[in-house]
Amino acid sequence: ETLAIILYKEPISRVEIDRIRGVNSSFILRNLLMRGLILRESITGNGYQFRITPNLLNHLGVTNKQQLPQFSEFLNAIEAFDINPT
């Protein structure tokens, strides 16, 4: 779940991940970082953004995320939800 959020919304902050999931994501983010599936980048201020790694794409068997099945359809649905949440 957390990987999917990062995959479709990267770069994304922990606060935004927590908002989408509805729970604290610190533990799972640390776990994904240790496994090399995501990267943490510093941003201005005290925050971080998370991105996927080439290691994750390799694990999924693709070279870029646009090669994932129905990637653009899911991305459009996510963007529509962000604009007009119910």
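The values are calculated or read from the model by the stated rules, or taken from the named source; none is laboratory data. Source: prediction; values computed, not measured. Cβ sites come from the backbone with ideal geometry, for glycine too, and all protein chains shown count toward neighbours.
Tell me yes or no: at least one residue of the stretch 20-34 is within 24 Å of Ser72 (Cα to Cα) and modelled with pLDDT under 95.
Yes, the stretch 20-34 has at least one match.
List the pairs whose first member sits in the stretch 1-13 and is free of Cβ contacts under 8 Å to residues at least 12 places away in the same chain, whose second member is not basic (Lys, Arg), and whose Cβ atoms are under 9 Å apart, counting only residues at least 6 apart or on separate chains?
Ala4/Phe74
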